[in-house]
Amino acid sequence: MPLHRGSDQPDERPLSVNPFYGEADPVGGMTEAPPKHRLPTAPLPPSTAYQVVHDELMLDGNSRLNLATFVTTWMEPQAGVLMGECRDKNMIDKDEYPRTAELERRCVAMLADLWNAPDPSAAVGCSTTGSSEACMLAGMALKRRWAQRNADRYPGARPNLVMGVNVQVCWEKFCNFWEVEARQVPMEGDRFHLDPQAAAELCDENTIGVVGILGSTFDGSYEPIAELCAALDALQERTGLDVPVHVDGASGAMVAPFLDEDLVWDFRLPRVASINTSGHKYGLVYPGVGWALWRDKEALPEELVFRVNYLGGDMPTFALNFSRPGAQVVAQYYTFLRLGREGFRAVQQSTRDVARGVAERVEALGDFRLLTRGDELPVFAFTTAPDVQAYDVFDVSRRLRERGWLVPAYTFPPNREDLSVLRVVCRNGFSTDLADLFVQDLELLLPELRRQPHPFTRDKGAATGFHH
């Protein structure tokens, strides 16, 4: 979560309240305008409080036009009703809400089957508030397993985790919070994610694991998980080092099983110890819900699992958070039940078709060069063509925002800081009609952009708040 500070303007003008908000007497509704940064002295009528908050939130962007986020922005009304019915249930209180806990257990079982666990009944897993928490839990399990195997050297030896430089920032946070050295494989040329051989070369006796990304947030491409496992198999044959793999499938773990069935990336690979995904991304659920699964009990050290006598019941938990609503877990079960495999396949195929279609039309405009085409994740990245000198991707992002479209522009990490791109994330709800409007708006902007004397972006680092 972002860190916020209190206001440094204590005498700032209070909120403005429309006289019509007074329920019976317009003047009475204006007796005291509420302050912004301290509690009001007296209560407001509920309708007035609602309207004040509602009006300010109108200044937020339209989430359906946000092509930066992977997070689900549309669900069926029935899912919204179920979530409303469960928002007051504390997910952690499994003794008091046993049916909600049962739906969570069923979701874990469904994912274990979907991800080809050798014995789905032996796989263990849990829901989380999102993939960031799931990654933290998976990293903790990797570190604890390594520490158990190296009890004679730890804590003297410093553990490390190998990953591509394209990982989501939560992995950098994990390494910082849990005192693990982050060893990152840089980008090279047109390779925008981890290289299996380079990752294996970074491993040593202190490596707790290697993270493979099934769906890089930078460009939507899958990392070669099978090739990564093969490189680590060869490393073990040469050195005896047995390095496990965690698959960060925040997005791709809910796409590949339905659209890329022949792609081997999951528990079919014996070296894959754990997998996470975001139910609130291509799992098609509103935020926030994630999932973390381990192939068997051996992959998750028992000492990390807390067994709490809570409200009269024995409750095993593995989490960084405690109290949270059961609504998102219930919505995930609803979505699994509602769609099934064929329904998920249809939804994800439609989204991929939209992404590929938009990518082709963007390329056809002539001003842009595609890096990816939306044929893995329904995501594509593109940059300006070499002969475009009048504007850059940051100008395009800024001008699209004027029309309501949120399209991130950002610079790639080492060793491709020279490359700045735009990225479009297609989600369920971003229909062919909306895609047509997006391409039309982009095309309408081009004549004016081409007439610019030069790019107007002076500070690329500050040009966008987006990094992942």
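List of remarks:
- With R₀ set to 56 Å, the beta-carbon distance separating GLN197 from ARG38 gives a calculated FRET efficiency near 0.45.
- Distance between region 107-173 and region 52-80 - C-alpha centres, whole angstrom: 31
- Taking all Cα pairs closer than 8 Å and separated by 6 or more residues, the relative contact order of region 249-304 comes to 33 percent.
- Overall Cα dimensions of region 123-282, principal axis frame, Å, largest first: 45, 33, 30
- A straight chain from ASP88 to HIS454 at 0.36 nm per residue would run longer than the Cα-Cα distance by 126.3 nm.
- The residues of the chain expose, per residue, 48 Å² of accessible area to a 1.4 Å probe.
- Per-pair calculated FRET efficiency, R0 = 22 Å: ASP95 and VAL305 via Cβ, rounded to 0.05: 0.85
- Scattering curve values for region 161-250, log₁₀ I(q)/I(0), Debye with Cα scatterers, q = 0.11, 0.20, 0.23, 0.24 Å⁻¹: -0.27, -0.90, -1.17, -1.26
- Scattering curve values for the chain, log₁₀ I(q)/I(0), Debye with Cα scatterers, q = 0.14 Å⁻¹: -1.38
- Cross-link partners of LYS281 among lysines (Cα-Cα below 26 Å; sequence separation of 8 or more within a chain): LYS89, LYS94, LYS173
- Rounded FRET efficiency, nearest 0.05, which uses the C-beta distance separating ASP418 from TRP74 and R0 of 41 Å: 0.65
- Estimated distance in nm for a label pair at TRP178 and ALA346, the labels positioned 7 Å out from Cα along Cα-to-Cβ: 4.0
- In region 115-182, GluC sites (Glu not before Pro) in a DSSP loop with at most 12 other beta-carbon atoms within 10 Å: GLU179
- Fraction of accessible area attributable to carbon and sulfur, the chain (%, probe 1.4 Å): 52
- Extension reserve of the GLN51-ALA390 stretch, reckoned as 0.36 nm per residue once the Cα distance is removed: 117.6 nm
- Each residue of region 318-404 gets 193 Å³ once the volume of the Cα convex hull is shared out per residue.
- Remark: the ALA234-ALA151 segment gains 27.3 nm on full extension, using 0.36 nm per residue and subtracting the alpha carbon distance.
- Contact order normalised by residue count of the chain, Cα under 8 Å, 6+ apart, percent: 19
The values are calculated or read from the model by the stated rules, or taken from the named source; none is laboratory data. The structure displayed is predicted, hence computed values, not measured ones. Using ideal geometry, Cβ is built from the backbone for each residue, glycine included, and neighbour counts are taken over all protein chains shown. Areas reflect the complete protein model, heavy atoms only, side chains present, ligands, DNA and RNA absent. Shrake-Rupley method; radii C 1.70, N 1.55, O 1.52, S 1.80 Å.
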